[in-house]
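Data first, discussion second: the structure below is written as structure tokens.
Readers should treat all values here as calculations from the given coordinates under stated rules, not as data from a laboratory. Nothing here was measured: the structure is a model prediction, and the numbers come from that model.
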């Protein structure tokens, strides 16, 4: 704590004592009611301080942003509260949220997402194998008509449909290597095309 901070703290304490003394003298007849009002205002003040201090976290949780700078074709993705990066792509015209996974070799769709974007999962040949944290799973190769991220649209993109239990679709290196630069800086993932 610097000497300026210490001076501000002493000033605030003196101001609080002066205002508190004035409130006490003015309301000495009804101290119980005054104490209630002071407690209510104190809680309101603490709530405002907490909301102000947590505003970035609240905003990131309620409305995470995925900024796209079209001129330079650069996509900036904030780190989520769980420490991962999530991207929302338009796949065959449908918005699909992906977990960015540099450890995955390909783009992997879970069965529910595959069905939602128009792939009949019951008609797929699950000939591929993938090792996951939960063990080996079968996969089926598919081609996606369009995959759009910001101003960039790729056509005939190869992806894999996971037959096993997969909560989140994964955006692996098969798609990420289409970018000329992948960088993590200041809690942001920066993709440059």
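Of the labelled figures [x] 16.7, 54; [y] 26.9, 84; [z] 17.7, 53, only one reflects Rg and Dmax of the Cα atoms in Å as derived from the coordinates, namely [y]. Given the options 171, 31, 87, state which has the largest fluctuation in a GNM of the chain using a 10 Å cut-off (strictly under) for Cα springs. Among 171, 31, 87, the largest mean-square fluctuation in the Gaussian network model of the chain belongs to 31.
Taking every alpha-carbon pair under 8 Å whose residues sit at least 6 apart, the stretch 64-192 reaches a relative contact order of 31 percent.
When DSSP assigns beta bridges and you keep just the ones with both residues in the chain, what percent turn out antiparallel, to the nearest 5?
90
In the chain, the DSSP-assigned H stretches of four residues or longer account for a calculated mean residue ellipticity at 222 nm of -10500 deg cm²/dmol, using -39500 (n - 2.57) per stretch and the full residue count as denominator. Across the stretch 128-175, C-alpha contacts under 8 Å between residues 6 or more apart give a mean separation that, scaled by the residue count, equals a relative contact order of 30 percent.
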